[in-house]
Amino acid sequence: MDHPMEFADEGAVSEVIRPAAVIPEEAARAVLMELALRDVRVGGVWEAEPSVWRRFDKSFDGLNGTPGSAELIGTIQIAYGVPTRYEITIFRATITRLGSERRWSVNGLCDEALAYGGLTLATCPRADLKPPPRPFHFHDVGAR
């Protein structure tokens, strides 16, 4: 399900998590189970998908499991199976304008999800994953 407001939110605060936070296997299992139990379609506030976890201000109240009046507070961009098969890595977190107005922070958002696995962003193990190479730009050629 696409949430266009994730990309067009003027007041959004986005932070790359460096070094990336790695949720160990046992904690990752607990976090995923708790996020599923707190799914927005069953009275919770989380929507967990393979590349992103979304935190809403309330559960979905729209027709056929749509957001209705629920608004996005923030997102956590994750990768399953990185760096090892059963771990989850947090790469970036974003707080929407609404989230900022309600005093949410990147740390607070990550800490809420990580707490289900007994972790915080501060206590989460870190991976020194190499950042992707810079994209090639035509103007770089003449600058040498």
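Output the number of residues of the range 10-65 satisfying the condition of being farther than 21 Å from ARG97 by Cβ and in a strand (DSSP E or B).
Residues meeting the conditions: 8.
Going through the range 66-78 one residue at a time, which ones are part of a strand (DSSP E or B) and buried (at least 20 other Cβ atoms within 10 Å of the Cβ)?
Across the range 66-78, the qualifying residues are LEU72, ILE73, GLY74, THR75, ILE76, ILE78.
For GLY68, which of the numbered conditions (1) touching a Gly at 6+ places or on another chain (Cβ under 6 Å); (2) under 26 Å from ARG126 (Cβ atoms) fails to hold?
Failed condition: (2).
Restricting attention to the range 79-98, which residues are part of a loop (DSSP other than H, G, I, E, B), hydroxyl-bearing (Ser, Thr, Tyr) and in contact with a Gly (Cβ under 8 Å, 6 or more places away or on another chain)?
THR96
If I ask for residues that are in a helix (DSSP H, G or I), of a type outside the set (A, V, I, L, M) and either crowded, with 20+ Cβ neighbours inside 10 Å or in contact with a helix residue (DSSP H, G or I) (Cβ under 7 Å, 6 or more places away or on another chain) (or both), which ones from the range 99-129 would you list?
GLY99, CYS110
Restricting attention to the range 26-49, which residues are surrounded by 13 or more Cβ atoms within 10 Å (Cβ to Cβ) and under 16 Å from TYR86 (Cα atoms)?
Matches in the range 26-49: ALA27, ALA28, ARG29, ALA30, VAL31, LEU32.
Readers should treat all values here as calculations from the given coordinates under stated rules, not as data from a laboratory. What you are looking at is a predicted structure, and each value in this text was computed from that prediction instead of being measured. Cβ coordinates were reconstructed from backbone atoms using ideal geometry, including for glycine residues, and neighbour counts include every protein chain displayed.
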